[in-house]
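The values are calculated or read from the model by the stated rules, or taken from the named source; none is laboratory data. What you see is a predicted model; the values in this text were computed from it and never measured. Note: ideal-geometry Cβ built from the backbone for every residue, glycine included; neighbour counts use all protein chains shown.
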Amino acid sequence: MILPRAPSAHTARPLLEIGLATFALLALELALIRWISGQVRILAYFNNLILICCFAGIGIGVLAGPRHPRLARVALPLLALLSVVLALSERLGLMHLRFPDPSVFLWGAESSRASVLESVGTIAAIVGLAGAVMACLALPATIVGALFDARRGDPRAYTADLLGSLLGVVAFSACTALSAPPPVWLALAVLPLIAITRTPLAVASGLVALVAATASIDDATFSPYNRIDVSHDGPRRIKVSVNRDYHQVMHDLRNAPVDDAEAALIRAVYDLPFAGSAPGFTAIVVGAGTGNDVAAALRADAGSIESVDIDARLIELGQRLHPDQPYADARVHAIVDDARAFYAQRTGPPVDVVVFGYVDSHAMFSSMSSLRLDNYVYTVEGLRAAWRHVGPKGHLTVCMSLLAGPWLAERIYATLADATGTTPLFVPHGLHRGGTFIAARDPATLERFARLPIAGAATSLTPNDYRQVSRTTDEWPFLYLQPGAIPWVYPFILALVAALTLLGVRVAAGTTLARSFDLPLFLLGAAFLLLETRAVTASSVLFGSTWVVNAAVFAGVLIAALCANLLVERRGAVPLRPAFAALVASVVVVYVVDTAALAALPTVARGLAAGLLHGLPIGVAGLIVSSLFVRSADLAGAFASNLLGAVLGGCLEYLSMAIGLRSLVLVALALYLAAGFVVLRRATNPHGERAPPGT
């Protein structure tokens with residue numbers, strides 16, 4: 001039995017249903033973001049598009065809820081249909097769509113040779129999926145809209161919403177920790193929706209969605225970051241793909257025939273970082289994956305190897321399947337961590353060799369940002385952090401596929417030169433169209449490498465060759481953005497999604513649109529998402545781009561908003577003038593303080609300082625939002641306006657490609673100032689007299 005049109009405001013049941021519905025919405029949002037990125041390859045590089053669509057859908061649903069709460073009946077049938085489409089994505093031609101814009105390198109998923117018809121088809125497919133995601137979130141969100149409308153002026157409604165969202169984050173994080181597959185993700189959303197709607201159609205549709213999710217697994221396994229597929233690619237090669245992209249091959253190089261030229265090249269490339277090292281040398285290998293670089297270090301007679309990879313499942317696959325069994329050797333110490341976090345926290349002595357294997361990402365590290373997992377590894381600051389662990393006679397190597405073109409080689413070379421203060425050596429070996437960059441403390445080491453047979457084409461670029469090359473830094477970490485290029489497809493698709501959102505808003509609100517829309521809350525929602533994005537990216541610099549860090553940030557943001565709302569619930573609305581003044585001041589502090597400077601603090605102090613720095617403006621903004629909710633005559637419209645503002649914030653996040661991540665704080669500041677101006681202007685009566693204190 002679905003919710004009645006006007007739920008009672010005098011019982012706890014509506015609050016429970018708000019919490020249950022928002023739990024389901026949060027779980028569905030996270031499930032679709034992860035599942036779609038594994039079924040439609042290019043969306044693994046465009047995750048926050050799905051996030052934007054989720055915010056748009058929930059906002060539209062909340063707007064429609066007061067007039068059409070029974071639309072929630074259709075939520076699970078539509079989800080079932082979308083689930084079947086995703087399960088059949090390969091047969092429908094969706095899995096390997098090519099992005100019709102080569103300005104951002106997507107490991108071959110981008111194309112400059114796509115025909116007009118293919119480009120139009122790709123864009124139509126992306127926008128179609130975006131619309132389907134909006135609808136799947138909008139329909140169950142009508143429940144929240146109906147219940148918010150019935151409890152206008154009651155801050156407990158927003159408390160229930162925040163609690164439901166927080167529990168959703170906790171539940172999905174538990175699934176992530178357990179490396180659960182798609183049907184478990186979907187079940188977190190499907191079961192609460194069945195409990196709320198309680199119809200036979202809902203039960204049947206939920207089962208169809210879960211069966212489709214199960215069918216999409218095939219033989220894949222799932223880690224907190226990736227869908228992982230393993231297959232045999234020849235007699236001595238075990239191929240690993242992540243998120244439908246080729247990732248790496250586990251090579252049997254010990255038993256390779258001496259006349260196998262391909263195997264000889266592969267072995268030479270993996271042996272290169274350790275060539276000439278004295279027996280018993282010490283090494284750090286980041287991006288170790290299934291263990292090819294580790295096996296090479298063992299062949300060179302390493303004494304100790306610290307092997308680091310962010311994905312525990314890849315290490316486990318190497319332990320179980322790698323023909324050379326490198327992880328079984330007692331000299332190898334496998335560590336599951338982000339490269340930046342590992343370098344920041346490592347306290348051991350300097351080593352002889354630091355190796356960056358093929359550290360490349362086929363997915364975003366967070367749905368909040370347009371950054372990939374490896375973006376902060378290859379910044380000046382990231383490479384400098386690794387250089388600190390190189391001993392006085394040691395060296396550092398970076399092996400990278402340069403399929404994107406010469407500009408990527410130039411960017412990495414220039415960034416490595418700045419990070420180490422040396423003139424590196426570049427060895428273009430050609431494996432995976434790649435090369436190895438070598439920086440050494442002692443110039444004689446580079447001379448030794450230059451004499452190796454594989455280094456016949458090795459070069460050292462002069463400063464004049466790369467002084468104009470854009471380096472990647474922690475404030476501009478867009479490694480794969482081609483210099484001078486304008487990624488036209490991003491704004492084009494975002495504009496189409498925005499148009500789709502406006503159409504949905506117009507249909508949902510009808511003639512009440514002008515009355516329902518709340519401009520200050522819309523602006524506050526946009527600024528909030530930008531600050532949350534900044535908190536995620538800054539935390540990844542301090543603690544690593546791990547799922548644990550992301551989950552902690554999301555939970556921390558919700559807890560800050562919840563505490564603010566509980567304070568308003570207990571004490572009433574806060575005075576808005578001083579609240580906006582405090583908000584502006586806290587945002588200025590976030591902009592002025594260099595987050596990277598906090599990295600020198602001990603772990604606990606660093607966490608407290610970062611939490612206070614990025615949590616304070618979010619908490620103050622939460623007080624303002626909750627106070628505006630309490631005063632609103634249309635709580636559902638106010639809440640929807642705040643959610644739809646996040647759509648604008650998600651679109652504005654792409655400005656970081658042009659202006660850098662730090663400047664997003666200034667964009668958020670401008671939005672907060674605009675919101676404050678509108679709110680305080682409304683507090684002035686028609687005769688120009690200020691409203692009483694407390695407004």
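Within region 272-294, being out of contact with any Lys or Arg (no Cβ under 8 Å at 6 or more places or on another chain), of a type outside the set (A, V, I, L, M) and in a loop (DSSP other than H, G, I, E, B) holds for 277, 279, 280, 281, 287, 289, 290, 291. For region 452-474, the tally of residues that are at pLDDT 90 or above and out of contact with any helix residue (DSSP H, G or I) (no Cβ under 6 Å at 6 or more places or on another chain) stands at 0.
Of all the numbered requirements in (1) closer than 15 Å to residue 105 by Cβ; (2) surrounded by fewer than 20 Cβ atoms within 10 Å (Cβ to Cβ); (3) in contact with a helix residue (DSSP H, G or I) (Cβ under 9 Å, 6 or more places away or on another chain), residue 400 misses one, and that requirement is (2). Listed by first and then second residue, the pairs with beta-carbon distance under 8 Å, at least 6 apart or on different chains, first residue in region 566-590 and under 17 Å from residue 631 (Cβ atoms), second of a type in the set (D, E, K, R) and part of a helix (DSSP H, G or I), are 569/156; 573/631. Which fully enclosed helices (runs of 4 or more DSSP H) of region 551-661 have 2 or more residues being over 30 Å from residue 145 (Cβ atoms)? Because the criterion is at least 2 residues that are over 30 Å from residue 145 (Cβ atoms), the helices (runs of 4 or more DSSP H) in region 551-661 that meet it are 576-592, 603-631, 656-659.
Scanning region 250-257 finds no residues that are part of a helix (DSSP H, G or I) and surrounded by 13 or more Cβ atoms within 10 Å (Cβ to Cβ).
Within region 416-448, restricting attention to residues that are polar (S, T, N, Q) and in a loop (DSSP other than H, G, I, E, B), which residue is farthest from residue 403 (Cα to Cα)? Among residues in region 416-448 that are polar (S, T, N, Q) and in a loop (DSSP other than H, G, I, E, B), the one farthest from residue 403 (Cα to Cα) is 422. Residues in region 533-549 that are crowded, with 24+ Cβ neighbours inside 10 Å and over 20 Å from residue 385 (Cβ atoms): 533, 534, 535.
Of all residues in region 249-277, those being in contact (Cβ under 8 Å) with a residue 40 or more places away in the chain and assigned by TED's automatic domain parsing to the domain that holds residue 393 number 10.
Here residue 388 does not qualify as surrounded by fewer than 18 Cβ atoms within 10 Å (Cβ to Cβ), within 19 Å of residue 105 (Cβ to Cβ), under 35 Å from the mean Cα position of the chain (by Cα) and of a type outside the set (Gly, Ala, Ser). In this structure, does residue 511 turn out to be more than 17 Å from residue 652 (Cα to Cα) and more than 26 Å from the chain's Cα centre (by Cα)? Here the answer is yes, as residue 511 does meet what is asked.
Residue selection: residue 131 fails the criterion of being surrounded by fewer than 23 Cβ atoms within 10 Å (Cβ to Cβ), among the small types (Gly, Ala, Ser) and either under 19 Å from the mean Cα position of the chain (by Cα) or within 15 Å of residue 42 (Cβ to Cβ) (or both). Selection within region 319-354: residues that are small (Gly, Ala, Ser) and either outside any helix (DSSP H, G or I) or at pLDDT below 95 (or both). The member of this set that is farthest from residue 398 (Cα to Cα) is 330.
Screening residue 192 against (1) over 12 Å from residue 25 (Cα atoms); (2) in a helix (DSSP H, G or I) leaves a single unmet condition, (1).
When each of 340, 346 is tested for being surrounded by 24 or more Cβ atoms within 10 Å (Cβ to Cβ), basic (Lys, Arg) and touching a residue at least 24 places away in the same chain (Cβ under 8 Å), the lone residue that passes is 340. Restricting to region 551-561, and then to whatever is touching a residue at least 60 places away in the same chain (Cβ under 8 Å) and surrounded by fewer than 21 Cβ atoms within 10 Å (Cβ to Cβ), can you tell me which residue is farthest from the chain's Cα centre (by Cα)? In this case the residue turns out to be 559. Surrounded by fewer than 21 Cβ atoms within 10 Å (Cβ to Cβ), within 26 Å of the chain's Cα centre (by Cα) and among the aliphatic types (A, V, I, L, M): is that true of residue 82 in this structure? For residue 82, the condition - surrounded by fewer than 21 Cβ atoms within 10 Å (Cβ to Cβ), within 26 Å of the chain's Cα centre (by Cα) and among the aliphatic types (A, V, I, L, M) - is met. Evaluating residue 509 against the criteria (1) within 27 Å of residue 120 (Cβ to Cβ); (2) surrounded by 14 or more Cβ atoms within 10 Å (Cβ to Cβ); (3) small (Gly, Ala, Ser) leaves one unmet condition, (1). Residue count for region 213-239 satisfying the condition of being outside any loop (DSSP other than H, G, I, E, B), under 27 Å from residue 551 (Cα atoms) and of a type outside the set (Ser, Thr, Tyr): 5. The residue that is nearest to the chain's Cα centre (by Cα), among those in region 300-312 that are modelled with pLDDT of 95 or more and at negative phi, is 308. Selection over region 615-668 of residues that are among the polar types (S, T, N, Q), modelled with pLDDT of 90 or more and over 21 Å from residue 490 (Cα atoms) gives a count of 4.
Return yes when residue 7 is of a type outside the set (A, V, I, L, M), assigned by TED's automatic domain parsing to the domain that holds residue 93 and modelled with pLDDT under 60 and no when it is not. Judged against the criteria, residue 7 is a match.
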